[in-house]
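Let me begin by presenting the structure, written as structure tokens, before commenting on it.
The values are calculated or read from the model by the stated rules, or taken from the named source; none is laboratory data. Because the structure is a prediction, the values reported are computed rather than measured. Every residue, glycine among them, receives a Cβ derived from its backbone with ideal geometry; neighbour counts consider all protein chains shown. Ligands, DNA and RNA are excluded from the accessible area calculation, which covers all protein heavy atoms including side chains. Shrake-Rupley method; radii C 1.70, N 1.55, O 1.52, S 1.80 Å.
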Amino acid sequence: MTWIISGFADEAGPTTREQIDALTRDGLTHIDLRAVEGANITALDPAVARTVRQQLDEAGIAVNMFGSPIGKIDIADDIASDVERLRHLGEMARIFDCKAVRIFSYYNKAGQPHDRWQAASIDRLKTLRDEADKLDLVLYHENESDIFGDRSDDVLALAPLRDGERFKLIYDFANYIRTGERGLDTWAKFRDKTDALHFKDQKKNGEHVPIGQGDTDAAAILEDAAAMGWTGPCTLEPHLVHSAAVLATGASGTGSQSLKDLGPAECFHVAAAEARRLLDRIGVAYR
């Protein structure tokens, strides 16, 4: 049983070189490519992308997943913009040899009734899933603040979309705590429906901390995942310092108060070291 440990290395720095340095310092061989060289992956120029790929190859780093913002628009907005972003990722997939795409499930700024919000979100996700099938991509939905798939019961409403190989679910520890739900309660709903994990931990007061040090029950959840034989990609998304990359996500909460004097690269290093320490204690093999 071996887990893949990847990272949103744009939290360490904006350039390819800075991101590679952060990953290699901590022995990580995978990256979730989100923002690099001044552009999100959904808008990255193909020529720049090929240069980034060459640098990653030279460093022995593979792309685990694309960190797209697809699904972070309103249910009243034209979905064509998201479809175009997904098509761009079809081109990126060929360059980076990666099929996995992180997505979200839409805002409801006008406050439409919950059933309409759910229906509109699912309809849009089906459209994206159909497009992903044409492009040979795989969508990974992240539970995120204020989108439809925010609270656990609403993410459960999306779980039937996993029927097939084009739609999967990410479990983000910190994003559930802000809904007021207990970590182990949410995990009980998703332990057999989780396809990837985001290592982002948080205290009840909103402060981000290294994985296993917050109020999300992360350590107990990871122990249970290991005991049941779960395998899959685990992505560091620490948010320990609210760098430009973190702020671009519309992050809630605050950075780590105990690490506030450290820069982005050092905070990423702390997050990686603490994640390794926790997994070693649990007895998980990872690479």
Amide H neighbours of T235 under 5 Å, counting only residues 5+ apart in sequence or on other chains, H built in-plane at 1.01 Å? S6, L197, H198, F199
For labels at E223 and E181 in the simple 7 Å Cα→Cβ model, what's the distance in nm? 2.2 nm
Enumerate the calculated ³J(HN,Hα) couplings along segment 192-204 in order (Karplus 6.51 cos²θ - 1.76 cosθ + 1.60, θ = phi - 60°), each rounded to whole Hz, writing x wherever the residue is Gly or Pro. 9, 10, 9, 10, 7, 10, 10, 7, 9, 10, 7, 8, 4
Assuming a viscosity of 0.890 mPa s and a temperature of 25 °C, what translational diffusion coefficient in µm² per second does Stokes-Einstein assign to segment 141-203, Rh being the Kirkwood radius over Cα pairs? 211 µm²/s
With an 8 Å cut-off on Cα pairs and a minimum separation of 6 or more residues, tell me the relative contact order of segment 175-287 in percent. 27 percent
Residue with peak Gaussian network fluctuation, the chain [Cα springs, cutoff 10 Å], from A265, A76, A49: A76
Relative contact order for the chain: what percent, with Cα pairs under 8 Å and sequence separation of 6 or more? 20 percent
Once the Cα gyration tensor of the chain is diagonalised, semi-axes √(5λ) in Å: 26, 24, 18
State the extension gain, in nm to one decimal, for the chain segment bounded by A76 and Y286, taking 0.36 nm per residue of separation less the distance between their alpha-carbons. 71.4 nm
Please get the size of the charge dipole for the chain, origin at its Cα centre, with Cβ charges of +1 on Lys and Arg and -1 on Asp and Glu, quoted in debye to the nearest 20. 220 debye
To the nearest 20 debye, segment 88-199 has a Cα-centred charge dipole, built from +1 on Lys and Arg Cβ and -1 on Asp and Glu Cβ, of 40 debye
Over segment 143-182, what is the relative contact order in whole percent, taking alpha-carbon pairs under 8 Å and six or more residues apart? 45 percent
Report, in deg cm²/dmol and to the nearest 500, the calculated mean residue ellipticity at 222 nm for the chain, where each DSSP H run with n ≥ 4 adds -39500 (n - 2.57) and the sum is divided by the residue count. -12500 deg cm²/dmol
Distance cut-off 19 Å, Cα to Cα: go down the list K109/K134; K200/K260; K72/K193; K126/K189; K109/K204; K168/K204 and report the pairs above it. K109/K134; K72/K193; K126/K189; K109/K204; K168/K204
Among L56, L259, I221, flag the residue with its Cα farthest along the positive direction of the charge dipole of the chain, charges on Cβ as +1 for Lys/Arg and -1 for Asp/Glu. I221
For T51, T249, T186, what's the largest-to-smallest order of accessible area, 1.4 Å probe? T51, T249, T186
Using only the alpha carbons of segment 1-110, determine the length spanned along each of the three principal axes and report them from longest to shortest in whole angstroms. 46, 33, 27
In terms of solvent-accessible area of protein heavy atoms at a 1.4 angstrom probe, what is the ranking of H141, H114, highest value first? H114, H141
Cα-projected label distance for A248 with R162, points at 7 Å along beta-carbon direction, nm: 3.0 nm
Whole-Å distance linking the alpha carbon centroid of segment 3-28 with that of segment 244-273 is 13 Å
Mean projected area (nm²) from the convex hull of Cα positions in segment 7-56 is 3.0 nm²
Can you tell me the length gained on complete extension of the stretch R151 to D123, counting 0.36 nm per residue apart and subtracting the Cα distance? 8.2 nm
Give, rounded to the nearest 20 debye, the magnitude of the charge dipole that segment 135-287 has about its Cα centre when Lys and Arg contribute +1 at Cβ and Asp and Glu contribute -1 at Cβ. 260 debye
What's the whole-number percent of alpha carbon pairs in segment 226-279 lying beyond 17 angstrom? 45 percent
Value in Å of the Kirkwood radius, where segment 165-287 supplies the Cα pairs that are averaged: 14.7 Å
